[in-house]
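Here the structure comes first, spelled out in structure tokens, and everything after it is commentary.
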Amino acid sequence: MNKYKIAVLPGDGIGPEIMREAIKVLKIVEQRNDVSFELQESPFGASAYFEHGNPFPESTKAICAEADATLKGPVGLSYDETEKIPVDLRPERGAILPLRKWLNTYANFRPVSLPKGLAHFSPLKPEIIGDGIDILMIRELVGGLYFGSKEVGVNDKGLRYVKESLEYDEEQIARIIRVAFKQCMTRKKVLHNIHKNNVLKSSVLWNEIVGEVAKDFPEVEVIHILVDAAATYLCLNPGQFDVMVMENMFGDILSDQAGGILGSLGLMPSACIGDESAYYEPSHGSAPDIGGKNIANPYSMIGSVAMMLELSFNMPDESRNIWKAMQSVFIQGYSTPDLSKQGSGVNMIATDEFGDRVVDELKKLG
Ligand code: IPM
Ligand code: MG
């Protein structure tokens, strides 16, 4: 029997309630496979700061270090609550970024997937969506502007100024590019390289390295596209993209735009992968305004479980079953109030009922 330890960090806002549904799904997988999951729940995020004085407590770090994978919910509280936390201990700077750096999860996989049956969620016209959307965005996650040197001060003229640098070395670039090429080999063998080499030196080096790594993947066609143009084409013709690779900040922005073309960031799970560690999280925030109301859709959290099964535990069949189960629930006409409007013809159900229905569908598969 395979035994895996999973660090479970429910997070803030809607985190705990969507995590509960994700765990339900994981239990079904455990029951019917020769596998056991040992779940260790730990505090992380703004609530962890208020309870333990630290958004990423040492005890949580120890549990993540021991785990085979970490499953993390969204973090962050309302503006007013956040104001009570010292700037460097707020959940983004004090927890998420340190987690990424510490685990060295440099490759962020953000699938942008909308099967034809769910096309009604998208704000795009049916003729633009065509047969559905199926893109894999690969975002560098531990470098660039996010982690470059920063300087804040007053200059010679007495003006306040700030300086932040976008830093990468060739190894950091080559390893993420290699990840992207490998994914291309399992898909359509077309890589869209997102850059801004008409302005940024970092993109000049990035593109040079794309050319070098490409020699090891002669079957993959590389298409270079400026990041601003890519933003336009994501709206006008998302079907042209299959795998897209980009640096950290470009990836943050384009992946949220991708959530927009799907109709909601609630449809965006993600995987953060390093050479030795991996963690899984929804790409969206903690939506504190609806936290605890049992109306948030758990798709992104359950989808993160599906990605964990595929990428950390080598269970691609169960992973596929979970995607299918979630899609069936939508296709049967059920949705949650955060994703769909009252009166839009859907059967409105709560977070936990959505999870229960996914579980029921999953039981029919596999
Ligand atoms: C994301 C988020 C994070 C990021 C924030 C919460 C630090 O927006 O995962 O996309 O900017 O990377
Ligand atoms: Mg983001």
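The values are calculated or read from the model by the stated rules, or taken from the named source; none is laboratory data. From a predicted model like this one, the values you see are computed outputs, not experimental measurements. A quick note on method: Cβ atoms are made from the backbone with ideal geometry, for glycine too, and the neighbour counts reach across all protein chains shown.
Worth a mention:
- Residues of the range 140-157 that are surrounded by 12 or more Cβ atoms within 10 Å (Cβ to Cβ) and either in contact with a Leu (Cβ under 9 Å, 6 or more places away or on another chain) or hydroxyl-bearing (Ser, Thr, Tyr) (or both): 142, 143, 144, 145, 146, 147, 148.
- If you go through the range 311-322 and keep only what is buried (at least 18 other Cβ atoms within 10 Å of the Cβ) and without any contact (Cβ under 8 Å) to a residue 24 or more places away in the chain, you end up with just 319.
- Test: residue in the range 20-34 that is in contact (Cβ under 8 Å) with a residue 12 or more places away in the chain, within 16 Å of the chain's Cα centre (by Cα) and within 16 Å of ligand 2 (Cβ to nearest atom): no
- Residue check, residue 101 modelled with pLDDT of 95 or more, closer than 30 Å to residue 323 by Cα and more than 22 Å from the chain's Cα centre (by Cα): no
- The lone criterion from (1) farther than 22 Å from residue 178 by Cβ; (2) without any contact (Cβ under 8 Å) to a residue 60 or more places away in the chain; (3) touching a His at 6+ places or on another chain (Cβ under 7 Å); (4) within 16 Å of ligand 2 (Cβ to nearest atom) left unmet by residue 227 is number (1).
- Those residues of the range 45-94 which are in contact with a Leu (Cβ under 8 Å, 6 or more places away or on another chain), more than 16 Å from ligand 2 (Cβ to nearest atom) and under 19 Å from residue 141 (Cα atoms), in sequence order: 56, 64, 70, 71
- Residue count, the range 335-361 (criterion: more than 14 Å from residue 18 (Cα to Cα) and either in contact with a Lys or Arg (Cβ under 6 Å, 6 or more places away or on another chain) or not assigned by TED's automatic domain parsing to the domain that holds residue 15 (or both)): 0
- Among the candidates 217, 250, residue that is under 18 Å from the mean Cα position of the chain (by Cα) and of a type in the set (Phe, Trp, Tyr): 250
- For the range 21-104, the helices (runs of 4 or more DSSP H) that sit wholly inside it and include 2 or more residues that are among the charged types (D, E, K, R) are 58-66, 79-83, 97-103.
- Candidates 116, 125, filtered to the one that is touching a Gly at 6+ places or on another chain (Cβ under 8 Å) and not assigned by TED's automatic domain parsing to the domain that holds residue 251: 116
One line per residue, one yes/no per condition, for (1) small (Gly, Ala, Ser); (2) surrounded by fewer than 16 Cβ atoms within 10 Å (Cβ to Cβ):
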{"position": "159", "(1), (2)": "no, yes"}
{"position": "179", "(1), (2)": "no, no"}
{"position": "185", "(1), (2)": "no, yes"}
{"position": "193", "(1), (2)": "no, no"}
{"position": "196", "(1), (2)": "no, no"}
{"position": "202", "(1), (2)": "yes, no"}
{"position": "206", "(1), (2)": "no, no"}
